[in-house]
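In what follows, a structure is listed as structure tokens, so that the remarks can point back to it.
The values are calculated or read from the model by the stated rules, or taken from the named source; none is laboratory data. These numbers were taken from a predicted model, which means no experiment stands behind them. Every residue, glycine as well, gets a Cβ built from its backbone with ideal geometry; the counts of neighbours run over all protein chains shown. We work out accessible area using only protein heavy atoms, side chains counted, and drop any ligands, DNA or RNA first. Shrake-Rupley method; radii C 1.70, N 1.55, O 1.52, S 1.80 Å.
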Amino acid sequence: KPVVFIDKSGSMAEPIEYYKNIPKISIAAGLAIALHRKFNADIYLFDTEVEKVSPARVIGILLKIEADGGTNIDPVIEEIAKSYKPTNLYLVISDGITEASDENLRTLQNIAKNMKLILINTRTSYNWVEMLKRYNNVYNVRDVASFERAVVSSLRG
């Protein structure tokens, strides 16, 4: 079962690289809703906190996103660790612009094999992203087509 975490920080209001008028959050929200419909995926939104939401709430957040919020991956790692099931796929959609605390980086080692990251428009890397890369669980996307390929790949393996 997919469990989707969508970054709703301010940087996600910026457009995806090759489409000047499509915010990163729009593509992420569309994917989350599709996964909810097809696989009954749970959906969480995060910036500096994590909140489980209904698909209808995702749309509401999408319409109100402010380009001023920060990002903290630690609450996401903590939420996954708290409710971790080895049969679930934990999918994070983010531009990854944050570092994990040392404590949560150690926690991530235990769950990284079931956590995948669709990384949008980010050329620099952060400690938690590097750890997921060691498991081949990071999919870099820069346009809608690569986003679609990343989703299919992440669900396969």
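Taking amide H positions as placed in the peptide plane 1.01 Å from N, state which residues far from Asn140 in sequence (5 or more) or on other chains have amide H under 5 Å from it.
Under 5 Å from the amide H of Asn140: Leu119.
Collect residues whose amide H, placed 1.01 Å from N in the peptide plane, falls under 5 Å from the amide H of Tyr44; neighbours closer than 5 in sequence don't count.
For Tyr44, whose amide H was placed from the backbone, the distant partners under 5 Å are Val4, Phe5, Ile6, Val53.
What span do the alpha-carbon atoms of segment 52-157 cover on each of the three principal axes, reported in whole Å from largest to smallest?
35, 30, 27
Taking the simple approach of a point 7 Å from Cα along Cα-to-Cβ for both Thr124 and Lys82, what is their distance in nm?
Once both label points are built, they end up 3.0 nm from each other.
State which entries of Lys8/Lys85; Lys24/Lys113; Lys82/Lys116; Lys38/Lys82 exceed 21 angstrom in Cα-Cα distance in the structure shown.
Checking Cα-Cα distances, Lys8/Lys85; Lys24/Lys113; Lys38/Lys82 exceed 21 Å.
Seen from all sides and averaged, what is the projected area of the convex hull of the Cα atoms in segment 106-157, in nm²? Walk me through the numbers on the way to the answer.
Working: hull surface 13.8 nm².
For the Cα atoms of segment 106-157, the hull's average projected area reads 3.4 nm².
Length gain on complete extension for the stretch Asp143 to Lys38, per 0.36 nm per residue less the alpha carbon to alpha carbon distance?
This chain segment gains 35.5 nm when fully extended.
What fraction of the Cα pairs in segment 1-113, stated in percent, has a spacing above 23 angstrom?
Summing the P(r) tail past 23 Å for segment 1-113 gives 26 percent.
For segment 27-157, what is the accessible area per residue in Å² when the probe is 1.4 Å?
With the other protein chains kept in place, segment 27-157 gives 51 Å² per residue.
Please report how far the C-alpha centroid of segment 79-121 lies from that of segment 34-57, rounded to the nearest whole angstrom.
Computed from Cα coordinates, the inter-centre distance equals 15 Å.
How large is the convex hull of the Cα atoms of segment 1-63 per residue, expressed in Å³ as a whole number? Could the numbers behind the result be given before it?
Values: hull volume 5.1 nm³, N = 63.
Spread over its residues, the Cα hull of segment 1-63 gives 80 Å³ apiece.
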